[in-house]
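Presented below is the structure to which this report refers.
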């Protein structure tokens, strides 16, 4: 079994939602399509998943084993920042990237406020009822959680998860990432305008229906 269930195959199993296509799983994992297709072929041949009008995992025990494998791998080799953005998708509960990470997602990676790779919080909106489950989940990956960003000296590693509990979640998807709605993200950016003025200009260029009148002022400032 473990020859088939390598780290990539385990991540594929955890990323599958019933009926998914290979392309959608690849998008969720931010992994090349061909890499995911080969893993799907191995898993289907071994009988762990089947593909009939979409992918399905045949047994929840397979999913549990895959999660244990990925968590154990993270314990041996701490996840990178890119991997940390994927890990929440292995949980069983709804979430959405929020705050700075919502800006990052809505600008499709175009804007990344200067965060130190050695002190890197990820901001997740979660349902209030799921908070305990998320804390246990991230603990299995040796990633600490809190409700406000904590000083880096409190943790051994560089990553931390900042949970933002909400009664309900309104989730949209951008390039496979679940994220709070664009309107909420824009409101957050306007609240912190000095930090996100250039990001607002990016959104203004990316989405035709927006009209922030920010790009001109940004250009004017560069020329002055």
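Summary of computed values
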| item | result |
| --- | --- |
| Cβ crowding within 10 Å averaged over residues, with 7-14, 139-146, 190-197 ranked highest first | 7-14, 139-146, 190-197 |
| Cα gyration tensor shape for segment 75-120, rounded if a/c is under 1.5, else prolate or oblate | oblate |
| Net lengthening on full extension, residue 94/residue 44 (0.36 nm per residue, minus Cα-Cα) | 15.3 nm |
| Highest to lowest packing among 74-84, 101-111, 35-45, scored as the average C-beta count within 10 Å | 101-111, 35-45, 74-84 |
| For segment 70-85 and segment 2-59, distance of Cα centres in Å | 19 Å |
| Antiparallel DSSP beta bridges within the chain, percent to nearest 5 | 50 percent |
| Two-decimal ratio, segment 7-76, of alpha-carbon radius of gyration to 2.2 N^0.38 Å | 1.01 |
| Viscosity 1.002 mPa s, 20 °C: Kirkwood-radius Stokes-Einstein D of segment 130-219 over Cα pairs, µm²/s | 135 µm²/s |
| Sorted largest first, extent of the chain alpha carbons per principal axis (Å) | 63, 42, 33 |
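Every number in this text was worked out from the coordinates using simple rules, so none of it is lab data. Worth saying up front: this structure is predicted, and the values here are computed from it rather than measured. Cβ sites come from the backbone with ideal geometry, for glycine too, and all protein chains shown count toward neighbours.
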